[in-house]
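I have placed the structure first, in the form of structure tokens, so that the comments after it can refer back to it.
The values are calculated or read from the model by the stated rules, or taken from the named source; none is laboratory data. Remember, predicted model here, so these are calculated numbers, not experimental data. Here the Cβ positions follow ideal geometry from the backbone for every residue, glycine too, while neighbour counts run over all protein chains shown.
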Amino acid sequence: MSQADKIYSALVSSHMLLSESDDLFFERYHLGKTRYYALLHIDQQPGISLSELSKRLLCTKGNTTRIVRGLEQDGHIIRQPDPQDNRAQRLVLSEQGQKLFENARFAYQNYKQTLFACLEPEAAKALIENLETITRHCLASLHPG
């Protein structure tokens, strides 16, 4: 197995394990990753439009509509009419949604701290730098020029 194969395999394995671990973490809050990140974006930009939320979640408007509908049915978000455009709606967290999000965010930050506590500070710094280098290189190869 080449060096490149080993690196790629390690990155894919780590990604899969982190994703599965996140799924289990968010189950405690009756959220999936996408629903958590929808709440995060709505918290960061109260009054965000459905279209803007779709862009930030990197999914279609149809999928975003389904996610928003579920969050609304669970009482976590509220749709408000856009004052400039009656056809558009703005999304905000409900009081219940704000509490859920704050609890989940705090626990998620602690969870990530615990997850990466196995790394010494210098190793963590080197890992971040190496991953940023790989990301830049991948982006440059995907979007040359």
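Look at region 1-30: where a residue is in contact (Cβ under 8 Å) with a residue 60 or more places away in the chain and a partner is charged (D, E, K, R) and surrounded by 10 or more Cβ atoms within 10 Å (Cβ to Cβ), sitting 6+ places away or on another chain with Cβ atoms under 8 Å, you get F26/K33; F26/R35.
Here L57 meets each of (1) over 15 Å from the mean Cα position of the chain (by Cα); (2) surrounded by 15 or more Cβ atoms within 10 Å (Cβ to Cβ); (3) under 19 Å from A88 (Cα atoms) with one exception, condition (1).
Taking region 31-51 as the range and being out of contact with any Ser or Thr (no Cβ under 9 Å at 6 or more places or on another chain), closer than 15 Å to Q80 by Cα and surrounded by 15 or more Cβ atoms within 10 Å (Cβ to Cβ) as the test, the residues that pass are I42, D43, Q45, I48, S49. Among the residues of region 63-90, those identified as touching a strand residue (DSSP E or B) at 6+ places or on another chain (Cβ under 9 Å) and in contact (Cβ under 8 Å) with a residue 12 or more places away in the chain are V68, L71, H76, I77, I78, R79, Q80, D82, A88, Q89, R90. The residue pairs whose first member lies in region 116-145 and is surrounded by 10 or more Cβ atoms within 10 Å (Cβ to Cβ) and modelled with pLDDT of 95 or more, whose second member is among the aromatic types (F, W, Y) and not in a helix (DSSP H, G or I), and whose beta carbons are closer than 7 Å, counting only pairs six or more residues apart or on different chains, are A124/F116. Among the residues making up region 85-108, those that are assigned to a helix (DSSP H, G or I) and either basic (K, R) or at pLDDT below 95 (or both) are K99, R105. If you go through region 109-134 and keep only what is assigned to a helix (DSSP H, G or I) and in contact with a helix residue (DSSP H, G or I) (Cβ under 7 Å, 6 or more places away or on another chain), you end up with just Y111.
Scanning region 91-103 for residues that are exposed (fewer than 13 other Cβ atoms within 10 Å of the Cβ) and touching a residue at least 24 places away in the same chain (Cβ under 8 Å) gives a single hit, N103. Restricting attention to region 1-30, the residues that are within 20 Å of G97 (Cβ to Cβ) and loosely packed, with under 10 Cβ neighbours inside 10 Å total 0.
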